[in-house]
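Here the structure is laid out as structure tokens; the discussion comes afterwards.
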Amino acid sequence: MNNGKTTLRIFIQLSLLICVYTLPGRLLADISRPIPYCVDPDWMPYEAIRDGRHVGISSDYLELISDMSGLIFTLVATSSWNESLEKLRSGECEATPLLNRTPLRSTFLNFSNVYFESPNVLVSTKDEPFLQSVEHIGNRNVAVPEGYRLAEYIKVNHPEVNLKLVKNELDGLLAVSRGEIDLFVGSMLTVNSRIYSRNLNNLKIAGWAGPEDKLRFGVIHKRVELLPKINSAIAKVTEQQRQDIFKRWNNIRIIQESNYKLVLQVVSCALVILLILYFRNRSVEKFNLKLTRKNRELDNLRKKLEESNKKLEYLSIHDPLTNLYNRNYLNQEFVKDMRRKSSSGLCLILIDIDYFKKINDEFGHHQGDKVLKQFSNTLINSVRDSDVVTRWGGEEFIIICNHSKVDEAYHLCERIQQSIEQQDFSPVERITASFGIAEIKQNESINQGFERADAALYIAKDKGRNLIISA
């Protein structure tokens, strides 16, 4: 009997020793192997697949996380976000670098800490009024890409909304532009990028929609052991690195062109350096001469890159036609200001050139552009140095009047009207504009003031145009 107990005890001890010595090795091997991951192939500037490469904001963060954690990631290419989600469910992909957490996704994914936030917006045609939120949609139909977190959010929290699922964000925006759907809901960064890249000048941001995107890293349940390393790496990302990533991808059309040029320059320099190192042992003197020459070339290249970066930074927040601040600049100011309360002494003026489409139709877009430039100069020459003039899009402009009351803003609009009447916009016979004014009240947010100014502009246009209306 005692022999049997002794044998059982020895067997248990041997089993425990085997687990202790073999299990850590298996876990280490599992962590160190390349991690297959999926992304949304068409969600710029956040992420996309271009020529088989992962690009966008998430690609830069993934590179930082890989460097800081030692984890190795390998891309699994897909043709749609739904396909990426399916591969994550099946385990063919084990991670994805940038997505929102939802109850449905939590059934097959674990999530890291939040490392990128961005608001969502409602998009409509310019003839629609400004809507504060999803609660004010009414009986309008709303397009959302299939598989996106916003579709799940609206279904659960606003089942009364007439939801239309579309293939991707571009299809939704085009449907709104053509009048097939009333509204589109999407991320402010991607909406802004697509409106400008596709010249959808009849669209505008009509309100804020749903909760902010709180984007995280996701891993399947079987790879949950990766999260501590990922969270540790995220915590090490500096604020400067975050700002650099945001600036790099904020204007995607310009940045993409610059990226390919930079890659070519870096590869060329690397090849030259390898050749120099190869011939080093053959001739030290020859090596030194070549190295000196290449250092001069690299210094010239650095200076050119610094100049290019300054130009890109300017272009990212200025309208290329009028040189005024652009919508992207104003959107950044909204994101910054919408979380704080403004005191009195600030006015918003929304301006719309009357019947501008008729000008383009009768005289052509070239003459229309000349009118926009001359009109922009009129605004700049009429305001104070402390005021900010922005081209919101198409023929719409916004003036932010600092340290001003509503009567001062009204007089400014009158001066602009008089200046327009005294100018020659040939071959256009006559130019007029409509104005909407709102003074930011004590404890009122910038966003609420913008809504009132937009409503005032809508009234001015509805009453016959060439009017100044204050909210």
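Each reported figure results from applying straightforward, stated rules to the coordinates on display, with no laboratory input. All values reported here derive from a predicted model rather than from experimental measurement. Cβ sites come from the backbone with ideal geometry, for glycine too, and all protein chains shown count toward neighbours.
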Practice task
Taking a cut-off of 26 Å between Cα atoms, list the lysines near residue 222, but don't count ones fewer than 8 places away on the same chain.
Solution key: 87, 214, 236
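Would you mind counting up the charge near residue 161? Only other residues with Cβ under 9 Å from its Cβ, with Lys and Arg at +1 and Asp and Glu at -1. All intermediate terms of the calculation are to be shown ahead of the outcome.
Numbers: positive: 140, 155; negative: 160.
Local charge sum for residue 161: +1.
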Practice task
Using a cut-off of under 11 Å, list every residue of the range 86-115 whose amide N is near the label point 7 Å from the Cα of residue 221 along the Cα-to-beta-carbon line.
Solution key: 106-110
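For the chain, with only Lys/Arg (+1) and Asp/Glu (-1) charged at the beta-carbon, what is the dipole magnitude about the Cα centre, in debye rounded to 20? Intermediate results must be reported in sequence, preceding the final value.
Working: 62 positive and 58 negative charges, 470 e Å.
Taking the Cα centre of the chain as origin, the dipole is about 2260 debye.
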Problem - Residue-count net charge about residue 200 - beta-carbon cut-off 13 Å; Lys, Arg +1, Asp, Glu -1 - result: +4
Exercise for the section: Determine, from the Cβ-Cβ distance of residue 421 and residue 86 and an R0 of 60 Å, the FRET efficiency 1/(1 + (r/R0)^6), rounded to the nearest 0.05. Expected result: 0.45
Exercise for the section: On a 0 to 90° scale, report how tilted helix 252-278 is relative to the longest principal axis of the chain, with both axes built from alpha carbons and the result rounded to the nearest 10. Expected result: 40
Exercise for the section: Under 24 Å Cα to Cα from residue 370, which lysines show up? Leave out anything in the same chain fewer than 8 places away. Expected result: 126, 204, 311, 357, 358, 461
